[in-house]
Amino acid sequence: MRERLSLWAVFCLIVTFLPSHTESVAVMSVDLGSEWMKIAIVKPGVPMEIALNKESQRKTPVAVCLKENERLFGDSALGVAVKNPKVVYRFLQSILGKTADNPQVAQYQKHFPEHQLQRDDKRGTVFFKFSEELQYTPEELLGMILNYSRGLAQDFAEQPIKDAVITVPAYFNQAERRAVLQAAHIAGLKVLQLINDNTAVALNYGVFRRKDINSTAQNIMFYDMGSGSTTATIVMYQTVKTKESGTHPQLQIRGVGFDRTLGGFEIELRLRDHLAKLFNEQKKSKKDVRENLRAMAKLLKEAQRLKTVLSANAEHMAQIEGLMDDIDFKAKVTRSEFEALCEDLFDRVPGPVKEALAAAEMSMDEIDQVILVGGSTRVPKVQDVLLKAVGKEELSKNINADEAAAMGAVYQAAALSKAFKVKPFLVRDAAVFPIQVEFSRETEEEDGVKTMKHNKRILFQRMAPYPQRKVITFNRYTDDFDFYINYGDLSFLSEQDLKVFGSQNLTTVKLNGVGNSFKKHSDAESKGIKAHFNMDESGVLILDRVESVFETIVEEKEEESTLTKLGNTISSLFGGGSSEPTNMTEQVTDEEEVAPEAGKDQEQSEKQEESAQEKPETEEGKEGEPQAEEQKDNEEDKAETQGETDAEKAEKPEEKSDGEKAEEKEADKKPKPQKKSKISEDITVELEVNDVLDPSTEDMEVSKKKLQDLTDRDLEKQEREKTLNSLEAFIFETQDKLYQDEYLAVVTEEEKEQITGKLSEASNWMDEEGYTAGTKELKEKLSELRKLCKAMFFRVEERKKWPDRLAALNSMLNHSTIFLKSARLIPESDQIFTEVELKTLERVINETMTWKNETVAEQDKLSPTEKPVLLSKDIEAKLSLLDREVNYLLNKAKFAKPKPKDKAKDKNTTSTENSKANSTENAEKVIPTKSDEAEEVKPAEESPTAEKKDEEKPILELNPAENTDTESTESSKSENRIGDEL
């Protein structure tokens, strides 16, 4: 019993802290590609579903059209692009987080010469000049698109959505990732995580092949060629054992290679230029088609269609009606011509594969299979070149090339949301670009000459796993100083990629208060200035805090009271223990370097000591550790780097505490050493961004207001159109109804003429003024017409409802009467109903019967054109009252306890009861026997449906907060309720 109560208490506690049923629990993902986006949702009862757009398509173009009085998105925007390309903005991903002098900005201007791209003097980035009054940054335009995607998801989910996981290319650097987060903030989305698109694809693949993953590592390469770029990713799948939750499958990103500009769009541009050349060669016009923006937009659209067709056919006829100056264009293009045009592009196909293998330090022999992802991998030549490059028998196509990333991202969204429970699938993503800390300090040589030494400490190496926390300790500073966060060695990038990459300097960190902290704690021993870094789930590096740490000696009492020991134990359980950072790695010098051999020997000996003491289960800490460059005994010249993971943070303090206990036991035999206490003083941090400046808080608010104003304008326009359509429909439908018999029967001739006249008047007004009238005027006109026709519609609706409502009432009266008769036939010794209860039911039956007969008779006397006295709502009220009384007695019979009887008497009366059963058959149907009923009501039993659900084990499960169909106070139900699955 105690166990049941405790389980029920836990269940109640869980429900208390979960979102209420009125709050939004649905989550979404946006696979944000350069040309297309796919949206997926998870909501209670709908596990992982692609959200359809307004055209019922599963993918939506990433495009926004800004007209003077409206905005269009997706396919509607693309439709305008052919007629007026100046007002349609596309392929924004390539200029996010870029300064005006970036080569990709120049490339964008070349591809879309119709747009006015100008430099933002404040941030150094670019913006689109729409008019003298209106300018939009790429983040604002992307924010509009994300807000639109949220609207599509909400329409599909039929409930509000705030939380989202958004995919970004794996090669996005810090500035580009921050730009996407800024766009989402402007759109009002709460980003649970930015997930790399290749990681989302790998997660989707692993989730649906969970059974195939075991302790043996499988290496799979995903080759993703989309519209704007190409990425090759090596992923290792295997099951791993965690201390918290047992054995689970895990994916680890081992290597990433990419080509930022190799994609389907570049192929389409080649085809477009080829078609333009063919048109000029036909000499049907003296003008150059390449100077006509509208004609080039038409050619690009035809090139997109041509690329798709030539993927399946050897040749095809390109044709456009009225390409320019009403001249039609028609030309045949063969696949061989197409492949010759893009020969240099196809030569770049193997590049990302080689880069990924180099990053992972693997060979192609170690890759089990190569899986194609992305729409552009459907081009036959791409597959041919790739197959030769990887040296495999075939390329795998066992994944949805278009939707895998969206589905993987929405699984992650459900996992991060508190409203859903999913089967764990561990994800270890990898930082593509290394990050390091740099600082300079004055040093004194042996001959007394002072020099400035520049030091570098790697925070995250290339392909280092994240999310992960790191701590760097500066031991030689006693006053305020600066240090720099920069990218590490990027020599694996080409010269062109380095130009596109942008600034290799991230942030200058200025520390204030270091000197004051030393003055304040002059009597304590300094343990250095500790800078705490965090690379979060989105791959964004954050400097959490900087602190100055000191150690002092405290006099320790010989014996602690039992109460004090208990208090210390409780304090440590709730995080009130030592302030000293845990999970320390070997210390790293901040100045002089030592010979590599000595450094290696020292590093190995230190690692052996650490492994003997801690033996962590994960390897993440090892991968993030910098190498020791100086001997361990040189305490003063050392800076330490600390790498933490979520798993290690949970494990290592416990392991250290065990070691401390063992030391304490030995210390009891020796004289007790003096106790040391840690003191931490926060240091003021001033950050100076060196790559791409973030918008100020004021700028973000201006952007949000700008987008909100546009959204309000769109909603106002939609409201007006909706009201206009409703008014038009009401006029035409009502005019038609006045010729139908059921309406003619309930209106007088005078009333009909009045309604017809008003409808004709409104129709004429619509033709003359209505289409330019405001929303308020249209609503008033519609309200006036509805008020005029209200009585007529009411009479028709009531006459339609009478037959069904009266039939239901008659049926209820019959059943109630039979039930009452049966109840009165029960012997007095077995009677469970009181006389008052039976008389109450009899009174309700009689009153209902009388009301029905009188009201129906009165209604029959009235004309159909008069206001009815028999109302459907009154019939429903009588039904409800009668149903309530009968149900009350039925429930009393259902849960009534049988009266105790003498066994001998039961035997003698059995035959008598059997004979009575034949004469009271109707009563037996209504009131079940007590012995049968006692077997039926067993609240502790599980239904067969619940057992079946447990066996199915779907991927996505619903949190207990959402399953409130039934109530039970039994522990067995509460236990199963927690595990309820979609």
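Which ones in the range 309-333 are more than 17 Å from LEU278 (Cβ to Cβ) and under 43 Å from the mean Cα position of the chain (by Cα)? I'd like the intermediate steps shown before the answer.
Start the filter on the range 309-333 by keeping residues that are more than 17 Å from LEU278 (Cβ to Cβ), which leaves 311-314, 326.
Scanning the range 309-333 gives SER311, ALA312, ASN313, ALA314.
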Name the residue that is surrounded by the most Cβ atoms within 10 Å (Cβ to Cβ), counting only residues in the range 43-64 that are β-branched (Val, Ile, Thr) and under 19 Å from the mean Cα position of the chain (by Cα).
VAL62
Among residues belonging to the range 65-96 that are open to solvent by 50 Å² or more (accessible area, probe 1.4 Å) and under 31 Å from the mean Cα position of the chain (by Cα), point out the one that is farthest from ALA297 (Cα to Cα).
LYS67
Any residue that is touching a residue at least 40 places away in the same chain (Cβ under 8 Å), farther than 26 Å from LEU251 by Cα and part of a loop (DSSP other than H, G, I, E, B) - is there at least one of those in the range 378-397?
yes
Given (1) open to solvent by 20 Å² or more (accessible area, probe 1.4 Å); (2) within 33 Å of the chain's Cα centre (by Cα); (3) not hydroxyl-bearing (Ser, Thr, Tyr), number of the condition ASP489 does not satisfy
(2)
In the range 242-269, what residues are modelled with pLDDT of 90 or more and of a type in the set (Lys, Arg)?
ARG254, ARG260
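For (1) surrounded by 18 or more Cβ atoms within 10 Å (Cβ to Cβ); (2) of a type in the set (D, E, K, R); (3) assigned to a helix (DSSP H, G or I), each residue gets a yes or a no:
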position: ALA183; (1), (2), (3): yes, no, yes
position: ALA200; (1), (2), (3): yes, no, yes
position: GLY206; (1), (2), (3): yes, no, yes
position: TYR223; (1), (2), (3): yes, no, no
position: MET236; (1), (2), (3): yes, no, no
position: THR239; (1), (2), (3): no, no, no
Within the range 422-462, the residues that are touching a helix residue (DSSP H, G or I) at 6+ places or on another chain (Cβ under 7 Å) and in a strand (DSSP E or B) are VAL422, VAL427, ASP429
Checking the structure you have, find out if any residue of the range 316-325 is open to solvent by less than 20 Å² (accessible area, probe 1.4 Å), at pLDDT 90 or above, under 21 Å from SER396 (Cα atoms) and not in a helix (DSSP H, G or I).
no
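Of all residues in the range 364-377, which are open to solvent by 20 Å² or more (accessible area, probe 1.4 Å) and either within 28 Å of the chain's Cα centre (by Cα) or touching a residue at least 12 places away in the same chain (Cβ under 8 Å) (or both)?
Taking the range 364-377 and keeping what is open to solvent by 20 Å² or more (accessible area, probe 1.4 Å), we get 364-366, 368-369, 375.
MET364, GLU366, ASP368, GLN369, GLY375, listed by residue number.
Quick one: in the range 275-305, which of the residues that are over 22 Å from HIS316 (Cα atoms), in contact (Cβ under 8 Å) with a residue 12 or more places away in the chain and part of a helix (DSSP H, G or I) is least open to solvent (accessible area, probe 1.4 Å)?
LEU293
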Selection count where residues are open to solvent by 10 Å² or more (accessible area, probe 1.4 Å), over 24 Å from VAL370 (Cα atoms) and part of a helix (DSSP H, G or I), scope the range 398-419:
2
Considering each residue of the range 733-750, count those that are touching a residue at least 24 places away in the same chain (Cβ under 8 Å), open to solvent by 40 Å² or more (accessible area, probe 1.4 Å) and in a helix (DSSP H, G or I), and give that number.
2
Quick one: would you say LEU785 is surrounded by 15 or more Cβ atoms within 10 Å (Cβ to Cβ) and more than 30 Å from GLU847 (Cβ to Cβ)?
yes
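Could you tell me which of the residues LYS456, LYS470, LYS450 is touching a residue at least 12 places away in the same chain (Cβ under 8 Å), open to solvent by 60 Å² or more (accessible area, probe 1.4 Å) and of a type outside the set (S, T, N, Q)?
Numbers: LYS470 fails: open to solvent by 60 Å² or more (accessible area, probe 1.4 Å); LYS450 fails: touching a residue at least 12 places away in the same chain (Cβ under 8 Å).
Among LYS456, LYS470, LYS450, only LYS456 is touching a residue at least 12 places away in the same chain (Cβ under 8 Å), open to solvent by 60 Å² or more (accessible area, probe 1.4 Å) and of a type outside the set (S, T, N, Q).
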Just wondering, is there one or more residues in the range 823-836 that are assigned to a helix (DSSP H, G or I) and surrounded by fewer than 11 Cβ atoms within 10 Å (Cβ to Cβ)?
yes
With respect to GLN496, is the statement that it is in contact (Cβ under 8 Å) with a residue 12 or more places away in the chain and more than 21 Å from GLN436 (Cβ to Cβ) true?
yes
Enumeration of residues in the range 531-548 that are in a strand (DSSP E or B) and polar (S, T, N, Q)
ASN534, SER548
Residue check: is SER440 farther than 30 Å from ARG348 by Cβ and among the hydroxyl-bearing types (Ser, Thr, Tyr)?
yes
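Does VAL82 count as over 27 Å from GLU133 (Cβ atoms) and not aromatic (Phe, Trp, Tyr)?
Numbers: over 27 Å from GLU133 (Cβ atoms): no; not aromatic (Phe, Trp, Tyr): yes.
Considered against the rule, which asks whether it is over 27 Å from GLU133 (Cβ atoms) and not aromatic (Phe, Trp, Tyr), VAL82 comes out as no.
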For the range 242-267: of the residues being more than 25 Å from the chain's Cα centre (by Cα) and of a type in the set (Val, Ile, Thr), which is nearest to SER94 (Cα to Cα)?
THR261
Can you name every residue in the range 97-133 that is open to solvent by 40 Å² or more (accessible area, probe 1.4 Å), within 24 Å of LYS705 (Cα to Cα) and without any contact (Cβ under 8 Å) to a residue 40 or more places away in the chain?
GLN116, GLN118, ARG119, ASP121, LYS129, GLU132, GLU133
Give me the residue from the range 674-712 that is open to solvent by less than 80 Å² (accessible area, probe 1.4 Å) and among the basic types (Lys, Arg) and, out of that set, nearest to the chain's Cα centre (by Cα).
LYS704
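Assess whether LEU715 counts as being surrounded by 16 or more Cβ atoms within 10 Å (Cβ to Cβ), among the aliphatic types (A, V, I, L, M) and in a helix (DSSP H, G or I).
When the stated conditions are applied, LEU715 does not pass them.
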Residues of the range 396-413 satisfying the condition of being out of contact with any helix residue (DSSP H, G or I) (no Cβ under 6 Å at 6 or more places or on another chain), farther than 25 Å from ILE542 by Cβ and not acidic (Asp, Glu)
SER396, LYS397, ASN398, ASN400, ALA401, ALA406, VAL410
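I'd like the full set of residues that are open to solvent by less than 40 Å² (accessible area, probe 1.4 Å), part of a helix (DSSP H, G or I) and touching a Phe, Trp or Tyr at 6+ places or on another chain (Cβ under 8 Å), limited to the range 326-352. Working first, answer last.
First, the residues of the range 326-352 that are open to solvent by less than 40 Å² (accessible area, probe 1.4 Å): 327, 329, 331, 333-334, 338, 342, 345-346, 349-352.
Restricting the remaining residues to those that are part of a helix (DSSP H, G or I) gives 338, 345-346, 351-352.
Matches in the range 326-352: PRO352 only.
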Looking only at the range 860-890, filter to residues that are among the basic types (Lys, Arg) and surrounded by fewer than 15 Cβ atoms within 10 Å (Cβ to Cβ); which one of those is farthest from the chain's Cα centre (by Cα)?
LYS861
Where ALA157 falls short, out of the listed (1) open to solvent by less than 10 Å² (accessible area, probe 1.4 Å); (2) within 20 Å of PRO61 (Cβ to Cβ)
(2)
Identify all residues within the range 506-528 that are open to solvent by 80 Å² or more (accessible area, probe 1.4 Å) and in contact (Cβ under 8 Å) with a residue 60 or more places away in the chain; write none if there are none.
LYS520
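The values are calculated or read from the model by the stated rules, or taken from the named source; none is laboratory data. The structure presented is a predicted model; accordingly, all values stated were derived computationally and were not measured. Cβ: placed from backbone, ideal geometry, glycine included. Neighbour counts: every protein chain shown. Accessible surface areas use protein heavy atoms only, side chains included; no ligands, DNA or RNA. Shrake-Rupley method; radii C 1.70, N 1.55, O 1.52, S 1.80 Å.
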